[in-house]
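Have a look at the structure below, then the notes.
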Amino acid sequence: MISYLIWLGPLAIKLCVVLSSASVVSEKANETALCTRYFDDYTMKNTKVAKQINKFLLKNLHQKKKFSAYGFFDIDNSVIYTVFSSIVTYLVILIQFKQLENDLTRGNPQNKTAN
């Protein structure tokens, strides 16, 4: 059991770092779109930079930036909770099966069914 935790620990830390980074990046992209919305410099009205900013605004103000796992689910902080709750659920099920197996191999009379 301890060897599994040693193996799982670094992977869990990497998962947390990637998910929190994805959340921060998507939040900053949405903030950037909101900040550039008020860009109004009349000296640069018809320049290439102003046109790029307008394209950026048209694309990003109407859709939120999110990271996704090939469109199946969004990658954000809620994935951490989902992954760890799934791991705990499966561990509880495995522990219950192990206890049942131990009881059946020892011949515990409490778990024998009446014939």
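The values are calculated or read from the model by the stated rules, or taken from the named source; none is laboratory data. This is a predicted model, so every value here is computed, not measured. Positions of Cβ are generated from backbone atoms using ideal geometry, with glycine treated the same way; all protein chains shown enter the neighbour counts.
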Quick check: anything in segment 50-60 at pLDDT below 80, surrounded by fewer than 11 Cβ atoms within 10 Å (Cβ to Cβ) and either of a type in the set (Asp, Glu) or not in a helix (DSSP H, G or I) (or both)?
no
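Given the structure, is residue 32 hydroxyl-bearing (Ser, Thr, Tyr) and at pLDDT below 75? Steps first, please.
Values: hydroxyl-bearing (Ser, Thr, Tyr): yes; at pLDDT below 75: no.
Spelling it out, it is not the case that residue 32 is hydroxyl-bearing (Ser, Thr, Tyr) and at pLDDT below 75.
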